[in-house]
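What follows is one structure encoded as structure tokens, with my remarks underneath.
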Amino acid sequence: MTDATIDFKAVTDQVAGLLAGVDDAQLAEPTPCGHYTQAQLLNHLLGLCLAFTAAARGETGPHNDAPPGEPAATLEPEWRGELEHRLATLAGAWSEPSAWDGDALAGGVTLPAAVMGLVALNEVAVHGWDLARATDQDYELDSGIIATLTAFTGQDADDQAAREGIYGPVVRIPADASPQDHLIALTGRDPAWRP
């Protein structure tokens, strides 16, 4: 799968499809993403959509020129509709061929746009898994997306110093685990995690 054929929409639609299954009464419950609660994870998704949309458009400004802070523990009342809108906007921004050219800025970091696009896709896909697992929903990424993200995420799997601040240590899982479980394990998450 190359930059020109990466379909953000398949992933963003899948994540948007999880939102109706989030119980507002459980927003303070944990997720597999470090110490984030469900509300913090959702706020993180809201913010990263803005940052990576700006990156795809070559914009600079408050959404992408500094590292993200700790996500808020409470959500705005209309968060579902807003996150669905931001996910769709993100997919649209990265569907433009020009988004993959030159350099892009997000989180105060400038990278080649082709790399930044993979970072963005990885963030949405893996945090989608976090949300699905925390809310006990089904979530299976497309095999092509899994292969692309596994190659991207696994390139420094044996160098924890290079992964510091990005991923936890790789979780060891059985060799015959599913490709998606291998991807999740590469991000420092336990594929067997349950709330």
Failed criterion for residue 102 (all others in (1) crowded, with 19+ Cβ neighbours inside 10 Å; (2) touching a helix residue (DSSP H, G or I) at 6+ places or on another chain (Cβ under 7 Å) hold): (1)
Does the range 75-86 include one or more residues that are buried (at least 20 other Cβ atoms within 10 Å of the Cβ) and of a type in the set (D, E, K, R)? yes
Out of the residues in the range 82-141 meeting the condition of being of a type in the set (Val, Ile, Thr) and free of Cβ contacts under 8 Å to residues at least 60 places away in the same chain, tell me which one is farthest from residue 23 (Cα to Cα). 110
Does residue 126 satisfy the criteria of being in contact with a Lys or Arg (Cβ under 9 Å, 6 or more places away or on another chain) and among the aliphatic types (A, V, I, L, M)? yes
Counted residues, the range 1-55 - those being polar (S, T, N, Q), surrounded by fewer than 22 Cβ atoms within 10 Å (Cβ to Cβ) and touching a Pro at 6+ places or on another chain (Cβ under 8 Å): 1
I'd like the full set of residues that are under 14 Å from the mean Cα position of the chain (by Cα) and in a helix (DSSP H, G or I), limited to the range 16-37. 16
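Read-outs throughout are calculated quantities, based only on the coordinates presented, and are distinct from any laboratory measurement. Bear in mind that the values here come from a model prediction, so they are computed numbers and not experimental data. For neighbour counting, all protein chains shown are included, and Cβ atoms are generated from backbone atoms with ideal geometry for every residue, glycine included.
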